[in-house]
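A quick write-up on the structure given underneath.
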Amino acid sequence: MSALEVTDLTVRFAGLTALDAVGFTVRPGSIHAVIGPNGAGKSTCFNVLSGVYRATSGSVRFGGADLTRMPPHRIAALGVARTFQNIALSRFQSVEDNVMLGRHRLTRAGFVGAGLRLPFARREDTRHRARVRDIARFVGVSEYLDAPVGMLSYGVQKRVELARALAMEPKLLLLDEPVAGMNGGERRAMAEVIVAARADLDISILLVEHDMGMVMRLADEVTVLDFGRRIAAGTPTEVQRDPEVIRAYLGVQAADAADAADSAGAAAGSESETA
Ligand SMILES: Nc1ncnc2c1ncn2[C@@H]1O[C@H](COP(=O)(O)OP(=O)(O)O)[C@@H](O)[C@H]1O
Ligand SMILES: [Mg+2]
C-alpha cells in the first residue's frame, strides 16, 4: 500500500497565499483529517491533491508517483478517488447509473464496444453492475438503485456520491466535508460507512472536515490549518488540547458570536425605528 506525502505545498492566488509550505503524510490504511476554520485552505489543499488546482511550489507524492502536476484523470487512474463538497451527481439518472460512472476507468470495452453491444462488452457490463450493487449495499443505498438521484434526500445523495468514488476501487479516498449540511442521523450513517470503508476495503482516507466532533471520532491523525499554515498535527486528542488550535477555533466562534450579536442589534434597531 502507498503513502500520500505532501511536502512544502504552497498555493498562491493573486495576492493571497491560500497554502503556505504545508506538509503531512497519510499513512497507508489510515484516516487522516485536515481540519481548520473557514478559509484555512482545506479545499485548496484537496483541489491540489486531486489535480484541479496547480501547486505554486512543493510536491505531492503517492507511492512511487509524483502527482504534483498531473491532470485529474491521471491522478484518478493511480487509484485516488474524490468526492465534492457540493453534490456532483446527475440528478435525472438512476443511482445505479450514477455509481456505474465511477467504473469507467475500469471498463475495457469502452464506449464503442458497449455501444455496439458486443458480447464481451455485455459480459463486462454485467460484471460491473454486480459490483455496483455490492457497493450500493455497502453504503446502504440498495433500496434506491432505480430511483433518480434528484428524488433522494440530501444524506442519501451524499452516500451515493461516496458509492461512486468507491466504485473506482480506489487506494486513497479524498473526502471534502462529507457530512456538511447533514442532520445528526445522516452524519452517523456517513461516519459508519467511512469507518467500514477503511476497515473492509483496504483504503486510506483523507478527510477534509470542519466538524471537530466528526474528526475526533474518525481520524487516526489530524493536520490543522489556519490561514494557509499548518498550526498543529498529531492524534485527535493531542490536537484538541493544542492552545493554537483552541485559539483558531474559539477565535472563529467568538467572531461569529460577535457578528451574530451585531446583526441582532441591527435588527432590533431597525424594528424600533419602524415601530
Ligand atoms: N480559485 C480561487 N481563487 C482565488 N482565491 C481562492 C480560490 N480558491 C480559494 N481561494 C481563497 O483561498 C483561501 C482558502 O480557501 P479554501 O481552500 O476554500 O478554504 P477552506 O476550504 O478551508 O474553507 C480563501 O481565502 C479563499 O478565498
Ligand atoms: Mg472548503
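The values are calculated or read from the model by the stated rules, or taken from the named source; none is laboratory data. Only a predicted model underlies this, so the values are computations on that prediction, with no experimental measurement involved. For neighbour counting, all protein chains shown are included, and Cβ atoms are generated from backbone atoms with ideal geometry for every residue, glycine included.
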Open item on the list: Out of the residues in the stretch 8-50 meeting the condition of being closer than 14 Å to Leu206 by Cβ and of a type in the set (Lys, Arg), tell me which one is farthest from ligand 1 (Cβ to nearest atom).
Closed with: Arg27
TODO: Identify, from the list Arg27, Arg69, the residue that is of a type in the set (D, E, K, R), surrounded by fewer than 17 Cβ atoms within 10 Å (Cβ to Cβ) and farther than 18 Å from Val215 by Cα.
DONE: Arg69
Task: In the stretch 204-217, the residues that are surrounded by 22 or more Cβ atoms within 10 Å (Cβ to Cβ) and more than 16 Å from ligand 2 (Cβ to nearest atom) - done: Ser204, Ile205
TODO: Go over the candidates Arg82, Arg61 one by one and state the one that is surrounded by fewer than 22 Cβ atoms within 10 Å (Cβ to Cβ) and either in the same structural domain as Ser142 (by TED's automatic domain parsing) or not hydrophobic (A, V, I, L, M, F, W, C) (or both).
DONE: Arg61
TODO: Any chance you could count how many residues in the stretch 142-194 are touching a residue at least 40 places away in the same chain (Cβ under 8 Å), under 23 Å from Val80 (Cβ atoms) and away from ligand 1 (no atom under 16 Å from the Cβ)?
DONE: 18
Task: strands (runs of 3 or more DSSP E) wholly inside the stretch 1-95 containing at least 3 residues that are more than 16 Å from ligand 2 (Cβ to nearest atom) and out of contact with any Cys (no Cβ under 9 Å at 6 or more places or on another chain) - done: 4-13, 16-26, 57-62
Open item on the list: Against the condition crowded, with 23+ Cβ neighbours inside 10 Å and not in a helix (DSSP H, G or I), how does Leu162 come out, does it pass?
Closed with: no
